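Working notes, beginning with the structure itself.
Please treat every number below as a calculation from the coordinates, not as lab data. Source: prediction; values computed, not measured. Glycine gets a Cβ as well: all are built from the backbone with ideal geometry, and neighbour counts include every protein chain shown.
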Amino acid sequence: MKTDVVVIGGGLTGTACAWFLAREGAEVTLLEASDLNTQASGTNAGSIHLQIPHPEFVNLGADWARAYAPSLRLLRASLDMWQALPDELGEDLDVKLAGGLVVATTDAQMRQIEQKSLIERSVGVETDILGRDDLRRIAPYLAPNAIGAGYCAQEGKANPLRATPALARAARAAGAVIRTHSPVTGLQARDGGYTVMTPDGPIHARRVVNAAGARAADIAAMLGLSVDLQGFALQVTVTQAMTPFIPHLVYSAAGKLSVKQAGNGTCLIGGGWAARSRADGSLCVNPANLSGNLATAARVIPALAGVQTVRTWTAVVNGTSDWRPIIGEAPGHRGFFLALFPWMGFTAGPMTARLVADMVLGRPPRLSLEGISALSDG
Ligand SMILES: Cc1cc2nc3c(=O)[nH]c(=O)nc-3n(C[C@H](O)[C@H](O)[C@H](O)COP(=O)(O)OP(=O)(O)OC[C@H]3O[C@@H](n4cnc5c(N)ncnc54)[C@H](O)[C@@H]3O)c2cc1C
């Protein structure tokens, strides 16, 4: 079989990329090893992020934050896309951007938030510094010991169970072929393109997009290409439904936390707490991290202390050690494109896919990747 473009991976990035390509007339086949949306894109916490993550700012430092900050431009452009997607797709994706708060309880944490906001401002992202009274006015549900917060008005949430299936429907409607249970088992450069091996036989494509998430390094290795990206096991907890009382995406300046209340009233509690990997590679909940995560949440939002949790699940995120995205044509592998935004690829997925589609179609990406993609470092 022959096609113009093969997209590997049926998560948000791959389905969005297939849609953008197909609606501009490219002949696209998307190959997904399992079912669509079964990995990170369908199992994440649904936060739409923009701020530099506070725990990493504290742990990795200001120099790291300055090197990472250009990526906020991509996140902000993706946020604009999230706002437009429901209308474009004609589907409700539960997109609500009511703002994100990094909540501080000490003066030292407030200083860190202020330092971080200066770096964010240097790339055009405004984070307001709220004092105790302003914070209490907009977020009365926070613990009384909250003394202030960094507030980024554009942050929020969307529904991971809805986004990728909607993008896949749009891709199919635009003419993309989507094959599930079709793992890519090999990849060879041939005749100015690539032969993509699958259990149903080889497919020859002029161009290939690697949107395989946490397994993207395995795909790249099929061409002898080393990509510094790994999978990291995380866990997220969902509570019983409650009357809506948390409009914001809430983080803590004291440690890892993200809390948001979904449209159905349940609260999603996460923020990057690790799950446990068994020797056979399967995942299970790490009980110590579960109790640490819930305790952190209850310290910031006391009403969560008495709430029933319904489920904690585990999933693997695509991560890079420096948090830099890897987006673009792989050096020395003409026609082979990497579409990899680590850690926050749900937020970044639409724009990552858009930029890669631009390049596959032979255009410069509509947002310069200089200083953003690790590939732009040369
Ligand atoms: C628990 C958790 C919470 C998270 N929370 C957030 C959040 O709140 N906000 C945020 O922005 N980000 C969050 N993330 C990160 C985000 O979910 C991911 O970065 C993003 O979904 C990656 O999307 P993707 O399409 O690139 O990859 P994926 O969704 O992982 O899709 C890749 C696909 O490639 C397929 N594949 C792999 N190998 C092959 C092969 N050989 N052949 C064919 N197909 C293959 C996989 O089966 C998979 O379906 C979270 C991640 C996790 C795990």
Give, in whole angstrom and from largest to smallest, the semi-axes √(5λ) of the equivalent ellipsoid of the chain, with λ running over the eigenvalues of the Cα gyration tensor.
-> 36, 21, 19
Kindly count the pairs of lysines across the chain whose alpha carbons are less than 17 Å apart, treating pairs on different chains or eight or more residues apart as eligible.
-> 4
In deg cm²/dmol, rounded to 500, what helix-only [θ] at 222 nm does the chain give when every DSSP H run of at least 4 residues adds -39500 (n - 2.57) and the total is split over its residues?
-> -10000 deg cm²/dmol
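In whole angstrom, how long is each semi-axis of the equivalent ellipsoid of segment 1-115, when you take the square root of 5 times every eigenvalue of its Cα gyration tensor and sort them from largest down? Don't skip to the end; give the middle numbers.
Values: eigenvalues 247, 56, 38 Å².
Semi-axis lengths for segment 1-115 are 35, 17, 14 Å.
Pairs of alpha-carbon atoms within less than 8 angstrom and 6+ residues apart define the contacts here; what relative contact order does the chain have, in percent? Working shown, then result.
Numbers: 856 pairs, mean separation 89.8, N = 378.
In percent, rounded to a whole number, it is 24.
What is the local net charge at GLY11, summed over the other residues whose Cβ is closer than 12 Å to its Cβ (Lys, Arg +1; Asp, Glu -1)?
Values: positive: ARG215; negative: GLU32, ASP35.
After counting each charged neighbour, the total is -1.
Cα gyration tensor of segment 73-151, axes a ≥ b ≥ c as square roots of the eigenvalues: rounded (a/c below 1.5), prolate (a/b > b/c) or oblate? Can you show the working numbers first?
Values: a/c = 3.84, a/b = 1.64, b/c = 2.35.
Oblate, since a/c reaches 1.5 and b/c is not below a/b.
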Which of the trypsin sites (Lys or Arg not before Pro) found in segment 206-279 are in a DSSP loop and have at most 13 neighbouring Cβ atoms, other than their own, within 10 Å?
-> ARG278
Semi-axes (Å, rounded, descending) of the ellipsoid equivalent to segment 131-236 per its C-alpha gyration tensor are 45, 19, 12
Report Rg/Rh for segment 298-351, rounded to two decimals, where Rg is the Cα radius of gyration and Rh the Kirkwood radius.
-> 1.24
Send over the Kirkwood Rh of segment 205-315, from the inverse of the averaged 1/r over different Cα pairs, rounded to one decimal Å.
-> 16.0
Helix 107-122: inclination vs the chain longest Cα principal axis, degrees, rounded to 10, gives 40
Treating the angle as unsigned and between 0 and 90°, give the value, to the nearest 10°, between the Cα long axis of helix 71-89 and the longest Cα principal axis of the chain.
-> 80
